[in-house]
4 protein chains.
Amino acid sequence: MKKYQEQVDVWFKENKWEYWQPLAIVARLFEEGGEFSRLVNHVYGPKKKKVDEVVQDMEEEIGDIIYTLICFANSHNIDLDKAIQKSIDKVVVRDKDRFTKS
Amino acid sequence: MKKYQEQVDVWFKENKWEYWQPLAIVARLFEEGGEFSRLVNHVYGPKKKKVDEVVQDMEEEIGDIIYTLICFANSHNIDLDKAIQKSIDKVVVRDKDRFTKS
Amino acid sequence: MKKYQEQVDVWFKENKWEYWQPLAIVARLFEEGGEFSRLVNHVYGPKKKKVDEVVQDMEEEIGDIIYTLICFANSHNIDLDKAIQKSIDKVVVRDKDRFTKS
Amino acid sequence: MKKYQEQVDVWFKENKWEYWQPLAIVARLFEEGGEFSRLVNHVYGPKKKKVDEVVQDMEEEIGDIIYTLICFANSHNIDLDKAIQKSIDKVVVRDKDRFTKS
């Protein structure tokens, strides 16, 4: 993720933009998450579109969600690679424990 | 809320509709919440629209959120009046404690 | 909903509280929605709890969501009865059209 | 993101796990987003904690959100690197247009 975080950061600096205030980023995350949710519901909820019809849009929404998180992370000096690796490790470790105990 | 819950229920029964499956209702709640969030961000986030321009839309989104919750409540025999009153009481009681202790 | 809106409003005025800023209310809505979502996932997602085990908690979360919306509505002069009725009417009207056209 | 997607995929295959159904992943995303939202509200909303007190937790929540999206992406053959790059490009391009037009 390092290169994405830097790309965004460089771009903001070059344009002298500031990151949105944190609560506005959260509101954006809610919005983007809601759009993603709508697409998933179109396929797996009552509307029954085919997944092929919306998978491109899903990709776009997921990209937008992660972009939103990059903005937040950059404005709080959060290293996303570290964050992701820790979340993956939690699942792996949690599971390892489960398997060795049994 | 009783009359709204009944109105919706009668309507669904007359049309032989079934309530969506619960996870689809949650996805809809996410979507509706996200739309509401977008509007609030337009006014109080970086976009700075005037509140008058969107307050009608806000009203609509809030109505849609509560309608979504009515559908969930109806399909789980949840009494919304009881639910709301309890949530209000929590705040009141929490506060009463705070004030009488001090 | 009128009585709930008034109850909350009176309580806030008596205690000289102010409603949170709108983006903070949205963040709270996200939080409460997320807690509700977690409960629904416990029953209908991969965890398979029984609905009886969590329906009380669901009621509580739904109450909290609506309480959050009451706070927002009160601070924006939004009449929730009107909002809910309009959302219900949309569904009814949308459907009436569909049935008379066919 | 490729290595994270593969790590998770290998782990799921080794343990013969299946990815959750899509609507359950959306519900989890709502939950994780809500937890993140709560933390942000603790600092920038009415509660006024110091950001140092929660930045570690924020990092964890963001990691969990992205992990949730990795699971969805893996179960839909979505390439997250492509997705992120496209979302970044949208902002850059949108802006380039704006600046060259003026």
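Could you list all residues from the range C:6-54 that are within 18 Å of C:D64 (Cβ to Cβ) and aromatic (F, W, Y)? The answer is C:W11, C:F12, C:W17, C:Y19, C:W20, C:F30, C:F36. Failed condition for A:L29, given (1) within 22 Å of B:L29 (Cβ to Cβ); (2) more than 12 Å from the chain's Cα centre (by Cα); (3) touching a residue at least 24 places away in the same chain (Cβ under 8 Å), with all others met? For A:L29, the exception is condition (2).
Take D:E31 and decide whether it is modelled with pLDDT of 95 or more and closer than 18 Å to A:P22 by Cα.
Values: modelled with pLDDT of 95 or more: yes; closer than 18 Å to A:P22 by Cα: no.
Judged against the criteria, D:E31 is not a match.
D:I70 meets each of the listed conditions (1) modelled with pLDDT under 95; (2) under 29 Å from B:A24 (Cβ atoms) apart from (1).
Suppose we filter A:K13, A:K90, A:K3, A:K49 for residues that are outside any helix (DSSP H, G or I), more than 7 Å from every other protein chain (Cβ to nearest Cβ) and not aromatic (F, W, Y); which single one remains? Walk me through it before giving the result.
Values: A:K13 fails: outside any helix (DSSP H, G or I); A:K90 fails: outside any helix (DSSP H, G or I); A:K3 fails: outside any helix (DSSP H, G or I).
Checking each option against the conditions leaves just A:K49.
The single condition among (1) in a helix (DSSP H, G or I); (2) charged (D, E, K, R); (3) within 14 Å of chain D (Cβ to nearest Cβ) that C:E18 does not meet is (1). Summed over the range B:52-71, the residues that are within 7 Å of chain C (Cβ to nearest Cβ) and either more than 16 Å from the chain's Cα centre (by Cα) or of a type outside the set (D, E, K, R) (or both) give a count of 8. All conditions but one from (1) more than 7 Å from every other protein chain (Cβ to nearest Cβ); (2) surrounded by fewer than 19 Cβ atoms within 10 Å (Cβ to Cβ); (3) farther than 17 Å from D:S87 by Cα apply to A:H42; the one that does not is (2).
For the range B:61-73, the count of residues that are under 27 Å from C:K50 (Cβ atoms), of a type in the set (G, A, S) and assigned to a helix (DSSP H, G or I) is nonzero.
Listed by first and then second residue, the pairs with beta-carbon distance under 6 Å, at least 6 apart or on different chains, first residue in the range C:72-83 and at the interface with chain B (Cβ under 7 Å from one of its Cβ atoms) and without any contact (Cβ under 8 Å) to a residue 12 or more places away in the chain, second among the small types (G, A, S) and surrounded by 17 or more Cβ atoms within 10 Å (Cβ to Cβ), are C:A83/B:G63.
Only one of the numbered conditions (1) within 12 Å of chain A (Cβ to nearest Cβ); (2) farther than 30 Å from D:P22 by Cα; (3) part of a helix (DSSP H, G or I) is not met by B:L23, and that is (2).
The values are calculated or read from the model by the stated rules, or taken from the named source; none is laboratory data. Bear in mind that the values here come from a model prediction, so they are computed numbers and not experimental data. Virtual Cβ from ideal backbone geometry, glycine too; neighbours counted across all protein chains shown.
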